[in-house]
Amino acid sequence: MRDPYKVIVWGPGRMGGISIWEVINSPAFELVGVRVYSEHKNGVDAGELVGIEPIGVIASNNVDYLLSLDCDCVIYTAHDEGTYHTDEEILRILSAGKNIVTPLPYQNVQLYREKGFIERLEAACTEGQATFYADGIDHHLIPNRILLGLTGGSADVKSIKLQEHWDCSEAEQAPLQYIGFGRAPEEAEKIEVSKTMAKNFMNGIVETAGKVLGVKYDRVLVSHDYYPASADISRPFPIKAGTVGRITHRMQGFVDKVGPDPLFTIEYHWHIGDTMLPQGVEPGQHYVGLIEGRPSMRMTLNYSVSNQSKERFFKLGNMDVEPSYIATIMPCIQAIPLVFASDPGLMSSLDPSINWKRDFRDLV
């Protein structure tokens, strides 16, 4: 058995903190570095950052030092502002010879980003002989590997739809108001950052679905809806009836040869409490997948701390962690051995081994 994979966690926020915890608690990995952005975390032991005993790895904001470390892979979990502001840092890490896995919206980025950036990304991988891979729960694991995998039982598919439901009741007031919650719907519609962040993730989902299903979309449509609360909501901050209690972002890919309905739809439903769930969705159903075809299918997927309790958080050190956040980062961590063994360049998504295509000869 080989030695543990040496890992740097790049950005110890929520995702990075969970990454630190999981890496140091796995015999397959060794944490060798942590990249921080704030001065108050600089020089702090990584164990202390997540509320456990010191482990001897000191967090640093010295990028040159971090890139000089012997490292098999960087788990890149910098804050996502929805503007791809992380492009330049990612290119620098790859050029320095470090493989990257990330839950940020770069999944199969070669399918939808501009040609100039893809050329720079490929050049950085070539220069550093490094591999770049993006994964995660909502932009890969659920829509691609699980939902599209179900079409392996389909003789015919007319439409596929995935709804993600994120209850924001435990989030902080400032960022929720920033994206439109508690505002008049017409005011919230003018906020572009929410739309942009969602669109960046949805691009990867929809374009990957087209790749996996072997289709070329005739058109891709994006829409955003802002639903007012029917009654006052008290937490996480007072939201008055008539102001936004749910935001829905939607992207649809149409293939006219298949039918008039969108072949693939992804919907993000960001809602405050169970009263703002879409019609037909029950509390706790984090994902609902619908496949219309022969046969038709409906999938619901719930994440919880335990199937025997109603606990909402795992207690990991000083972190209260929702189950879905663990499921967000673990596909990246689990991919590290595959990334390390891959040829330099952009590593494509880990797709279902068998799934529906319009012509089954395209499977081989």
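A few remarks follow.
- Kirkwood Rh (inverse of mean 1/r, distinct Cα pairs), segment 1-157, angstrom: 16.8
- Considering all C-alpha pairs of segment 130-195, those separated by over 15 Å amount to 70%.
- Taking the C-alpha atoms of segment 172-246, convex hull volume expressed per residue in Å³: 109
- Fully extended contour minus Cα-Cα distance, from R235 to R2, at 0.36 nm per residue: 78.9 nm
- Taking a ≥ b ≥ c as the square roots of the Cα gyration tensor eigenvalues, segment 205-364 comes out oblate, since a/c reaches at least 1.5 and a/b does not exceed b/c.
- If the segment from E192 to D359 were pulled out straight at 0.36 nm per residue, it would be longer than the present Cα-Cα gap by 56.2 nm.
- Divide the volume of the convex hull around the Cα atoms of segment 137-302 by the residue count and you get 111 Å³ per residue.
- Kyte-Doolittle mean at least 0.0 and Cα axial length at least 24 Å: DSSP H helices in the chain: 192-213, 323-341
- Radius of gyration (Cα atoms) of segment 261-354, expressed as a multiple of 2.2 N^0.38 Å: 1.41.
- If R0 is taken as 41 Å, the Cβ-Cβ distance between E119 and A184 corresponds to a FRET efficiency of 0.40.
- Remark: the S223-R14 segment gains 72.4 nm on full extension, using 0.36 nm per residue and subtracting the alpha carbon distance.
- The relative contact order of segment 137-302, computed from alpha carbon pairs under 8 Å that lie at least 6 residues apart in sequence, is 33 percent.
- Debye, to nearest 20: dipole size of the chain, +1 on Lys, Arg Cβ, -1 on Asp, Glu Cβ: 920
- Note on K310: aspartates and glutamates with a C-alpha under 17 Å away, same-chain residues under 8 apart excluded, are D167, E170, D274, E282, D320, E322.
- Calculated mean residue ellipticity at 222 nm for the chain: -8000 deg cm²/dmol, from DSSP H runs with n ≥ 4 weighted as -39500 (n - 2.57), summed, divided by the residue count and rounded to 500.
- Where Cα atoms sit under 25 Å apart: lysine pairs in segment 106-223 separated by 8 or more or lying on different chains: 16
- Taking all C-alpha pairs of the chain, those more than 33 Å from each other amount to 33 percent.
- With the simple spin-label model, which puts each label point 7 Å out from Cα in the Cβ direction, the A155 to E48 separation comes to 6.6 nm.
- Inter-label distance for H79 and L338, nm, one decimal - labels placed 7 Å from Cα along Cα-to-Cβ: 3.1
No lab work stands behind these numbers, since they all come straight from the coordinates. What you see is a predicted model; the values in this text were computed from it and never measured. For neighbour counting, all protein chains shown are included, and Cβ atoms are generated from backbone atoms with ideal geometry for every residue, glycine included.
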